[in-house]
1. Select from segment 320-331 the residues that are part of a helix (DSSP H, G or I) and farther than 15 Å from GLU347 by Cβ and list them in ascending order.
2. Part of a helix (DSSP H, G or I), open to solvent by 40 Å² or more (accessible area, probe 1.4 Å) and out of contact with any helix residue (DSSP H, G or I) (no Cβ under 6 Å at 6 or more places or on another chain): is that true of LYS138 in this structure?
3. Among the residues of segment 146-195, count how many are modelled with pLDDT of 95 or more and surrounded by fewer than 19 Cβ atoms within 10 Å (Cβ to Cβ).
4. For the structure I just gave you, tell me whether LEU54 is within 28 Å of SER288 (Cα to Cα) and hydrophobic (A, V, I, L, M, F, W, C).
5. Which of the residues spanning segment 1-56 are polar (S, T, N, Q), over 30 Å from LEU308 (Cβ atoms) and open to solvent by 30 Å² or more (accessible area, probe 1.4 Å)?
Amino acid sequence: MKLLNNILLGEDFGKSSKNTLESAIILAKTFNSKVTPIYVLPDDIVNEKAKNLLVDAASQKLKETIETIAKHGIKTGEPLLKHGSAIDAIARAAVEINSNLLVLGAGESSVKQNFKLGTTAERIIQKSEKPVFVVKEKTPLNIRQILCPIDFSPASQRALTNAIIIAKKFKAQLTILSVCEIQTASWFITNEVTEMENKARCEKHKARFESFLKGFSLSGLNWEPEIPQGIAAEEILNTISKKSIDLLVMGTAGRTGLNRLMLGSVTEKVIREVPCSFLTLKSEDALSLSLDSSIKDLEGYYKVGVQLLENGFYDEALGQFKACLNINNMHIPSYIQAAKVYDSINEPEKAKLYRNQAFDIKEKLSYGKIEDEVRKLRGS
């Protein structure tokens with residue numbers, strides 16, 4: 001079972017690169033992923049000797065990166081040394097190696113900068129259709145609190161799906177936030193009318209929020225909803241500060257034509273000012289389930305089923321345990337695990353049925369062993 005196959009790690013070998021590398025290693029160990037590092041040299045170096053020296057130095061740094069990753073028992077791809085624009089080269093490489101996730105450092109911002117996010121990271125997010133995980137400078141990746149803002153769009157649906165998986169894998173608390181944007185009073189509308197309109201607007205928003213969440217499996221997850229009133233970007237940033245969020249998971253719609261490098265105004269403002277690491281998703285999932293179709297034996301089905309259950313893929317887990325029972329309808333562990341699945345999806349009657357079945361089989365097997373012992377003692 002795979003959730004995250006291939007990580008492309010953008011290297012800059014700056015002061016913050018060690019933290020970015022360590023974060024990529026944590027993600028790879030958590031999701032059993034392969035990591036491929038990439039570094040991009042400028043293509044306008046005129047002096048041939050200087051060019052060769054830079055290539056040698058960058059190659060050595062990439063080799064050291066590979067060695068560091070391998071020491072943690074993580075698979076690595078062939079390191080990539082490219083020339084040209086870092087933005088274009090990294091976005092293109094992510095497609096070429098079929099990366100599921102691009103991991104970048106946020107950039108080393110100065111005190112004078114208005115925005116905390118570096119220009120290169122922001123432009124890669126704009127250009128790449130691949131999910132991008134940005135590691136904040138000097139902030140070790142320790143995911144305990146996750147925030148996922150939603151606006152009911154397909155992009156935010158994808159973001160929430162990925163946020164749920166991450167929360168379960170890291171045993172983190174997930175806050176699902178949806179901001180009800182309200183109207184302000186104007187010269188031609190009284191405060192009373194505005195208040196009535198905003199109350200109705202937020203009631204409708206709350207109903208839509210609750211309906212949206214019904215499409216997700218939140219059983220067994222430590223989570224809480226928040227529906228503040230106000231301006232979306234401000235409320236997201238306020239929540240990050242108030243709850244000490246470690247990771248923001250946010251969907252952003254891709255654009256086409258002249259606007260293809262533009263992000264939504266809310267996403268743009270948030271990622272420029274966000275004080276924590278974040279993951280943005282456009283048209284692809286960073287985490288998606290990939291099952292080994294070659295599995296044919298009971299033990300293999302059972303092992304995958306247990307992993308699926310732990311990661312919250314309840315329907316898929318149930319399918320694996322039922323496959324076990326098709327091979328051996330006396331397999332007690334599969335009945336017990338199937339019962340756990342039904343507990344997780346709040347179907348207690350079915351859970352009870354499978355537990356009773358496991359108990360009955362256990363009793364029959366025990367009784368059968370006793371009968372065998374009695375026969376042996378009788379000599380029959």
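1. The initial filter retains those residues of segment 320-331 that are part of a helix (DSSP H, G or I), namely 320-327.
Matches in segment 320-331: GLN320, ALA323, CYS324, LEU325, ASN326, ILE327.
2. Details: part of a helix (DSSP H, G or I): no; open to solvent by 40 Å² or more (accessible area, probe 1.4 Å): yes; out of contact with any helix residue (DSSP H, G or I) (no Cβ under 6 Å at 6 or more places or on another chain): yes.
Considered against the rule, which asks whether it is part of a helix (DSSP H, G or I), open to solvent by 40 Å² or more (accessible area, probe 1.4 Å) and out of contact with any helix residue (DSSP H, G or I) (no Cβ under 6 Å at 6 or more places or on another chain), LYS138 comes out as no.
3. 1
4. So LEU54 fails the test.
5. Going through segment 1-56, the residues polar (S, T, N, Q) turn out to be 5-6, 16-17, 19-20, 23, 30, 32-33, 36, 47, 52.
Okay, now just the ones that are also over 30 Å from LEU308 (Cβ atoms), so 16-17, 19-20, 47, 52.
Once the filter is applied, which keeps residues that are polar (S, T, N, Q), over 30 Å from LEU308 (Cβ atoms) and open to solvent by 30 Å² or more (accessible area, probe 1.4 Å), segment 1-56 yields ASN47, ASN52.
The values are calculated or read from the model by the stated rules, or taken from the named source; none is laboratory data. As the structure is a prediction and not an experimental result, all values here were calculated from the model. Methodologically, a virtual Cβ is constructed for each residue, glycine included, from the backbone with ideal geometry; neighbour enumeration extends over all protein chains shown. Ligands, DNA and RNA are excluded from the accessible area calculation, which covers all protein heavy atoms including side chains. Shrake-Rupley method; radii C 1.70, N 1.55, O 1.52, S 1.80 Å.
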